[in-house]
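The values are calculated or read from the model by the stated rules, or taken from the named source; none is laboratory data. In this text, all values refer to a predicted model and were calculated from it rather than measured experimentally. Heads up, the Cβs are rebuilt from the backbone with ideal geometry, glycines too, and the neighbour counts pull from every protein chain shown. Surface accessibility is based on the protein's heavy atoms, side chains included, excluding ligands, DNA and RNA. Shrake-Rupley method; radii C 1.70, N 1.55, O 1.52, S 1.80 Å.
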Amino acid sequence: MIDFSKIKAVFFDMDGVLYDSMKNHETTWVECLKTAGITFPPEEAYLNEGKTGLATIAYAFEKYLGKTAGEEEKKEIYAYKTKLMADAPTAQILPGMQELLKLIQQKGMTTIVVTGSKQPTLVNKLSTDFNVPPNHIVSGADVKIGKPHPEPYLMAISKSGFNANNCLVVENAPMGIQSSKAANIYTVAVNTGILNNQVLLDAGADELFNGTLELFENWKKQLQ
Ligand code: MG
């Protein structure tokens, strides 16, 4: 059970936490990596979720072609992925999340979005959809290393101005959970994808909800 009286900031991952966008990432990863001759298993999109796009491409080259991707090659593939994402169906907001962020903000807590993504289709909507302004976003454009390294969540802690033990993280991906735990933040997993709960617990999640609605209903009781 979380003691909300000492929580001052809540950090939310974006894909698979705020937006139902992982299906689009899955199909566009498979599609863009085909151009390099890589057959990327769809599950890999979920296992590698949270990494920066360029890091995922580097990983796919190493694992499935046994070679190192060139810088230009990586940029070209990522540009193609960005185009495919822009053409993909609009990702819907996950149930309860607008209400949850509103409630948290009304309680005076800071909300920060921490994503490995640079996809403008969603990052640019965070202000309108969730009242999270650009200076409360750590995106793939801000980090050097990215998840699962603690860097992105350490940046969020610093942005918030609070200590790790006054912060909370909501994540859906194993590498996001590893990143948050490495930054010493209490981490709540929401399983909105195709991985088994155990994968998220093994990554270090402190607690787990089966979907965003279950998270909202549970926190609502404690926050109201
Ligand atoms: Mg995610």
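Could you check what % of the DSSP bridge pairs in the chain are antiparallel, to the nearest 5? In the chain, DSSP labels about 5 percent of beta bridges as antiparallel. Only DSSP H runs of four or more residues enter the estimate; each adds -39500 (n - 2.57), and after division by the residues of the chain the mean residue ellipticity at 222 nm equals -13500 deg cm²/dmol. Here the relative contact order of the chain, from alpha carbon pairs under 8 Å that lie six or more residues apart, stands at 26 percent. Couplings 3J(HN,Hα) for the range 25-36, derived from phi with the Karplus relation 6.51 cos²θ - 1.76 cosθ + 1.60 (θ = phi - 60°), are 5, 4, 5, 6, 5, 4, 5, 6, 6, 4, 5, 9 Hz, where x marks Gly and Pro. Evaluated with a Cβ-only charge set (Lys, Arg +1; Asp, Glu -1), the range 22-87 carries a dipole of roughly 20 debye about its Cα centre, given to the nearest 20. Seen against the Cα atoms of the chain and their longest principal axis, helix 53-65 is set at about 50 degrees. Stretching A86 away from K67 to a fully extended chain increases their span by 3.9 nm, per 0.36 nm per residue minus the current alpha-carbon distance. Cα centroid distance between the range 161-185 and the range 20-48, in Å? What the calculation gives is 25 Å, centre to centre.
Close amide-amide hydrogen proximity is noted between L208 and A189, each under 5 Å apart and 5 or more residues distant or on a separate chain (H modeled in the peptide plane; Pro and chain starts excluded).
Note on the range 160-223: with neighbouring protein chains present and a 1.4 Å probe, carbon and sulfur make up 44 percent of its accessible heavy-atom surface. The convex hull drawn around the Cα atoms of the range 22-87, when projected onto a plane and averaged over every direction, covers 3.8 nm². Full extension of the chain between K75 and K144 yields a length gain of 23.3 nm, computed as 0.36 nm times the residue separation minus the alpha carbon distance. For V114, nonlocal amide neighbours, meaning residues 5 or more places apart or on other chains whose placed amide H falls under 5 Å from its own, are F12, D13, M14, V138. Remark: the chain carries 45 Å² of accessible area per residue (probe radius 1.4 Å; ligands, DNA and RNA excluded). With only the Cα atoms considered, the chain has a convex hull volume of 108 Å³ per residue. Converting phi to 3J(HN,Hα) with the Karplus coefficients 6.51, -1.76 and 1.60 and the offset θ = phi - 60°, the range 172-189 yields 10, 10, x, 6, x, 5, 4, 4, 5, 5, 5, 8, 6, 10, 4, 10, 9, 9 Hz in sequence order, with x at every glycine or proline.
The string of couplings for the range 7-23 from the Karplus curve (6.51, -1.76, 1.60, θ = phi - 60°) is 8, 10, 8, 10, 9, 10, 5, 9, 5, x, 10, 9, 10, 7, 9, 5, 4 Hz, one whole number per residue in order, with x for Gly and Pro.
Taking 0.36 nm per residue of separation and subtracting the Cα-Cα distance, full extension of the segment from Y59 to Q198 would add 47.7 nm.
Compared with the dominant principal axis of the Cα atoms in the chain, helix 151-160 is inclined by about 30°. About its Cα centre, the dipole of the chain is roughly 520 debye, where the only charges are +1 on Lys and Arg Cβ and -1 on Asp and Glu Cβ.
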